[in-house]
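The structure appears right after this line, and notes come after that.
The values are calculated or read from the model by the stated rules, or taken from the named source; none is laboratory data. On a predicted model such as this, the values are computed, not experimentally measured, just so you know. Cβ placement follows ideal geometry from the backbone for every residue including glycine, while neighbour counts extend to all protein chains displayed.
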Amino acid sequence: MSAIPTSQAGDKTTGDLKGPVAGFGLAAAITILFNTALAWVKDAYEPLNAYMASLTGHHWRTHGLVDVVVFFVLGYLFTYRNFHINGSRLAALLAAASVVAGGGLAVWFLLV
Amino acid sequence: MSDIILFAHPTFGVLGILAAVWVFVEALNASEANRSRIRLAAFVVAGCIVLAAVLGGYWYTVFYGHEKAIILKGPWPWAHNLVMETKEHLFFIPLILALYLPIAAAGNLAKNGGARIVVMVVAGFIVLNGLAIEGAGAVINYGVKVAFVHTGVVGAE
């Protein structure tokens, strides 16, 4: 992270974001949605749940580690590919991802 | 030892929520004067939420099985089937947001309106998710209690 100057954080007049703020922001939104999708799939497909449990001793541990790895890998990928986005748009994306992912988990476990 | 871990988990969760409120308020009033404080608060959020995850995760994977069995035999099996199942996966949302917060708060929020909005939204959702998760923990705890009451264990009431 220290290799990326803070001046890449963005621009006041346009609200545009670039550098790690934009790259890791998009990565966070994707990871949050991925987290819910993985919860659905492993809950519906027991062999995946068992495989994830066999990797670390518990499916939840593997799930968390995969989420963190996805977040950092995507974040570095988007950052170094110079992804940029408007700040308001990224904030809306993160909010929407959080609401959809959280609601998706609750509805899934309510119905299943 | 398991009780210490069990109580430390929501404690760090609450501290993380409070620190996220701190970040939100500092970002709302972002200036050159509080720039370093915003960064510090963002790292405090990340540290507390990671600790809550590690402690809660350890307790959940090592000790929770016994309580799960009790809840499922009691009158509130949904305290596990719905609430715990949702909580254990919902927790990863504020965890990811907390890991992102120091990155989002690294720049000068007083000069970057876009980053400021992102920091406030991220901190806000850490608070909302955190409160929901704290509430879920209370419901799960009560699921064990009503199971004991239901089975007539002396002292459970």
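B:ALA104 - would you say it is touching a Phe, Trp or Tyr at 6+ places or on another chain (Cβ under 7 Å) and crowded, with 23+ Cβ neighbours inside 10 Å? Against the criterion (touching a Phe, Trp or Tyr at 6+ places or on another chain (Cβ under 7 Å) and crowded, with 23+ Cβ neighbours inside 10 Å), B:ALA104 does not qualify.
Whether any residue in the range B:80-97 is surrounded by fewer than 19 Cβ atoms within 10 Å (Cβ to Cβ), more than 19 Å from A:GLY19 (Cβ to Cβ) and in contact (Cβ under 8 Å) with a residue 60 or more places away in the chain is what I want to check. Don't jump to the end; show me each part of the working.
The first filter runs over the range B:80-97 and keeps only residues surrounded by fewer than 19 Cβ atoms within 10 Å (Cβ to Cβ), leaving B:81.
From the residues that got through so far, the ones that are more than 19 Å from A:GLY19 (Cβ to Cβ) too are B:81.
Then drop every residue that is not in contact (Cβ under 8 Å) with a residue 60 or more places away in the chain, which leaves none.
No; the residues of the range B:80-97 include none that is surrounded by fewer than 19 Cβ atoms within 10 Å (Cβ to Cβ), more than 19 Å from A:GLY19 (Cβ to Cβ) and in contact (Cβ under 8 Å) with a residue 60 or more places away in the chain.
Considering only residues that are among the aliphatic types (A, V, I, L, M), within 16 Å of the chain's Cα centre (by Cα) and crowded, with 17+ Cβ neighbours inside 10 Å, which ones fall in the range A:37-67?
First, pick out the residues of the range A:37-67 that are among the aliphatic types (A, V, I, L, M): A:37-39, A:41, A:44, A:48, A:50, A:52-53, A:55, A:65-66.
Those left that are additionally within 16 Å of the chain's Cα centre (by Cα): A:37-39, A:65-66.
Within the range A:37-67, A:LEU38, A:ALA39, A:VAL66 qualify.
From the list A:PHE71, A:PHE78, A:PHE109, which residue is of a type in the set (Phe, Trp, Tyr), more than 14 Å from B:LEU95 (Cα to Cα), facing chain B (nearest Cβ under 10 Å) and part of a helix (DSSP H, G or I)? Lay out the reasoning, then the answer.
Values: A:PHE71 fails: more than 14 Å from B:LEU95 (Cα to Cα); A:PHE78 fails: facing chain B (nearest Cβ under 10 Å).
That would be A:PHE109, the only listed residue that is of a type in the set (Phe, Trp, Tyr), more than 14 Å from B:LEU95 (Cα to Cα), facing chain B (nearest Cβ under 10 Å) and part of a helix (DSSP H, G or I).
One line per residue, one yes/no per condition, for (1) touching a residue at least 24 places away in the same chain (Cβ under 8 Å); (2) among the hydrophobic types (A, V, I, L, M, F, W, C); (3) within 13 Å of B:VAL119 (Cβ to Cβ):
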position: B:PHE7; (1), (2), (3): no, yes, no
position: B:VAL25; (1), (2), (3): no, yes, yes
position: B:LEU28; (1), (2), (3): yes, yes, yes
position: B:GLU32; (1), (2), (3): yes, no, no
position: B:ARG37; (1), (2), (3): no, no, yes
position: B:VAL45; (1), (2), (3): yes, yes, yes
position: B:VAL50; (1), (2), (3): yes, yes, no
position: B:VAL54; (1), (2), (3): no, yes, no
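Of the residues examined, A:PHE34 is not one that is within 16 Å of B:PHE92 (Cα to Cα), surrounded by 21 or more Cβ atoms within 10 Å (Cβ to Cβ), at pLDDT 95 or above and not small (Gly, Ala, Ser).
Could you please find all residues in the range B:89-122 being among the charged types (D, E, K, R) and modelled with pLDDT of 95 or more? Full working, then the answer.
Start the filter on the range B:89-122 by keeping residues that are among the charged types (D, E, K, R), which leaves B:111, B:116.
Listed by number, the list holds a single entry, B:ARG116.
Residues in the range A:81-95 that are touching a residue at least 60 places away in the same chain (Cβ under 8 Å) and either more than 8 Å from every other protein chain (Cβ to nearest Cβ) or not hydrophobic (A, V, I, L, M, F, W, C) (or both): A:ASN82, A:PHE83, A:HIS84, A:ILE85, A:ASN86, A:GLY87, A:SER88, A:LEU93. Sub-9 Å Cβ pairs linking a first residue in the range A:7-23 that is more than 15 Å from A:GLY75 (Cα to Cα) and facing chain B (nearest Cβ under 8 Å) to a second residue that is surrounded by 24 or more Cβ atoms within 10 Å (Cβ to Cβ) and at pLDDT below 80, at least 6 apart or interchain, are A:ASP16/A:GLY10, ordered by first then second residue.
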